[in-house]
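Since the structure comes first, as structure tokens, the remarks are kept for the end.
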Amino acid sequence: MAVARHVADTVLFEGYVLYPYRASATKNRLRWQFGVLVPPSWTAVAEEHDFQRTELLMEPRRGATLALETRFLHAGRRTVQRALPDGGFETVPELRLDDRVLVPWDEGHEEQVRLTVAVDELAGPGVVVPFTRPAAETTEPVTDEAGRVVGRLVRRREEISGVLRIATGELDGPYTTRRLSVVVENTSDWTPAEDAGRDAALSRSLVAAHTLLCLDAGRFLSLTDPPEWAGGEVARCRNLHTWPVPAGEPGTEDLVLSSPIILEDHPSIAPESPGALYDATEIDEILALRTAALTDEEKREARGTDDRAAAVIDLADSLPAEVLERLHGAVRGLREVTTSGTPRTPAPAAGMPDLGPAAPWAGAGGADGAPRPDTPWWDPGADASVDPAHDHVLVGGRPVRAGSRVVLRPRLRHTDAQDLFLDGRRALVEAVLHDVDGGVHIAVTVEDDPGADIRREQGRYLYFQPDEVDVADPGEAS
């Protein structure tokens, strides 16, 4: 499972501490947003969940063993105390040192529940594994540069308990495939006081909970790209508050990461990424540059907020120029673009020489291949072969062009969660666009969208592929 832990660690710490990496920053005052399994009593107070359910299909071989690892953070409160002359300590809002400013903070302690079981033992009622993480309190002395004790950090964690339920069931029909279900549930018996806030519930929650699954003999089926014969059974899988995807190297099928964050199959960390920045919604290059530009006082507070925040500051301050340059962009692969077996070379822009289809720099430079940065490599206005306002594409044997009305049918493999809300909505086609890779995209505005006029003025359309729309019948109601 070490192959998948790099990505799993990113899930575990996503949003743990955000730029500018200081406890006083507004964005770091509301934390723990992903995969939070709260105590059952808290579900009646807030619309949060006390369980995750993973369900997927697998094809184990005879005698196969399933290894399972559920991982989560156990949130604990860290308070700061200052040393008194009489040898005692008093709680303070901050403790200023030469290199850092220590402040109260909720830390996340990594926890995991591991299980290895024969697949045959999971049939029927399956296996139930209860677990408990006890309450704990620890202290850590704080010393100055001279080695004198000037304070201490007090860390408290509340007790949490939970249960894993793992079972398999046979599918109807002549298949050897089994349906595997894994439920992770918070069973803590804590009862909130009337004035209890979310922080009290978080200290008894499983935070950023996710599960790794590994078969030593056999394979898992992808839920987003299953074999055709398994499509119906995959559609019947019920995944609640988590989503399982094949993990590890592309082509492997024995490892799954069930994540509270929607991921693609075989997710991976970009090799250019210099280290954990805890904010995958941002670009590493921008984060690194902005972090390095923090003032010395801001960096002192960040270093005192959390050890992981301190590591980000040190990383940003030490990145060499060549590493920063790699963060600017990367080419993952090159391929020849063809149309009907013939390489497609866009027509040269006005005033540019026609270098012929064999010239890879056609439209981007001179005959010697020297680039011309002031000239676009392809000018769609000079390519008479495309005309978004009049081009059309056949959908179900009927032409669709600007002005056509369609019904949106987003497909799971091509779209995102937002587009799924548009399923079945009528839309007006604004343009039919051809990209340089030979793909066709239908630009639309939703008919009953109150902001359609603004989208049209700004050219901010929604884009769908031809197999994601149906031609609307003239009499069909909106």
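The values are calculated or read from the model by the stated rules, or taken from the named source; none is laboratory data. Please read all numbers here as calculations on a predicted model, not as lab measurements. As a convention, Cβ positions derive from the backbone with ideal geometry for all residues, glycine included, and neighbour counts pool all protein chains shown. Please note that ligands, DNA and RNA were not included when accessible areas were found on the heavy atoms of the full protein model with its side chains. Shrake-Rupley method; radii C 1.70, N 1.55, O 1.52, S 1.80 Å.
For the subset of the range 323-339 comprising residues that are under 27 Å from the mean Cα position of the chain (by Cα) and either assigned to a helix (DSSP H, G or I) or among the polar types (S, T, N, Q) (or both), which member is nearest to D279 (Cα to Cα)? So that I can check it myself, show each step before the final result.
Residues of the range 323-339 that are under 27 Å from the mean Cα position of the chain (by Cα), as a first pass: 323-334.
With the extra rule that they be either assigned to a helix (DSSP H, G or I) or among the polar types (S, T, N, Q) (or both), the set shrinks to 323-327.
On the way: V323: 19, L324: 17, E325: 20, R326: 19, L327: 15 Å.
The selected residue is L327.
Check V183 against each of (1) under 27 Å from the mean Cα position of the chain (by Cα); (2) open to solvent by less than 10 Å² (accessible area, probe 1.4 Å) and name the one condition it does not meet.
Result: V183 passes all but (2).
If only one of I286, I313 is farther than 22 Å from F34 by Cα and touching a residue at least 24 places away in the same chain (Cβ under 8 Å), which one is it?
Of the residues listed, the single one that is farther than 22 Å from F34 by Cα and touching a residue at least 24 places away in the same chain (Cβ under 8 Å) is I313.
Can you pull out the residues in the range 139-162 that are open to solvent by 60 Å² or more (accessible area, probe 1.4 Å) and either under 21 Å from P192 (Cα atoms) or small (G, A, S) (or both)?
A146, R156, R157, E158, E159
Which residues, taken from the range 1-41, are closer than 27 Å to T116 by Cα and open to solvent by 30 Å² or more (accessible area, probe 1.4 Å)?
Residues satisfying the conditions are M1, A2, V3, R5, H6, D9, T10, F34.
Take the residues in the range 241-272 that are buried (at least 18 other Cβ atoms within 10 Å of the Cβ) and of a type in the set (G, A, S), then tell me which one is farthest from S181 (Cα to Cα).
G248
Is it fair to say A83 is in contact (Cβ under 8 Å) with a residue 12 or more places away in the chain and touching a Gly at 6+ places or on another chain (Cβ under 6 Å)?
Considered against the rule, which asks whether it is in contact (Cβ under 8 Å) with a residue 12 or more places away in the chain and touching a Gly at 6+ places or on another chain (Cβ under 6 Å), A83 comes out as yes.
In the range 397-426, which residues are modelled with pLDDT of 75 or more, part of a loop (DSSP other than H, G, I, E, B) and either touching a Pro at 6+ places or on another chain (Cβ under 9 Å) or farther than 18 Å from W243 by Cα (or both)?
Those that are modelled with pLDDT of 75 or more, part of a loop (DSSP other than H, G, I, E, B) and either touching a Pro at 6+ places or on another chain (Cβ under 9 Å) or farther than 18 Å from W243 by Cα (or both): G397, A402, G403, S404, R409, P410, F421, L422, D423, G424, R425.
Looking at S188, S161, which is the one that is at pLDDT 95 or above, touching a strand residue (DSSP E or B) at 6+ places or on another chain (Cβ under 7 Å) and outside any strand (DSSP E or B)?
S188
Please enumerate the residues belonging to the range 430-474 that are over 30 Å from the mean Cα position of the chain (by Cα), in a strand (DSSP E or B) and within 14 Å of R409 (Cβ to Cβ).
Selection gives D470, V471.
Do you know which residues across the range 21-37 are at positive phi and of a type in the set (S, T, Y)?
Y21
From the set of residues in the range 50-96 that are surrounded by 20 or more Cβ atoms within 10 Å (Cβ to Cβ) and over 19 Å from E111 (Cα atoms), which is nearest to the chain's Cα centre (by Cα)?
So, considering only residues that are surrounded by 20 or more Cβ atoms within 10 Å (Cβ to Cβ) and over 19 Å from E111 (Cα atoms), the one nearest to the chain's Cα centre (by Cα) is T54.
Need pairs with beta-carbon distance below 8 Å; first residue at negative phi and within the range 1-20, second among the small types (G, A, S) and assigned to a helix (DSSP H, G or I); sequence gap 6+ or separate chains.
So the pair list comes out as V17/A309; P20/A302.
Restricting to the range 112-137, give me the number of residues that are more than 30 Å from L57 (Cα to Cα) and either surrounded by 12 or more Cβ atoms within 10 Å (Cβ to Cβ) or among the hydrophobic types (A, V, I, L, M, F, W, C) (or both).
3
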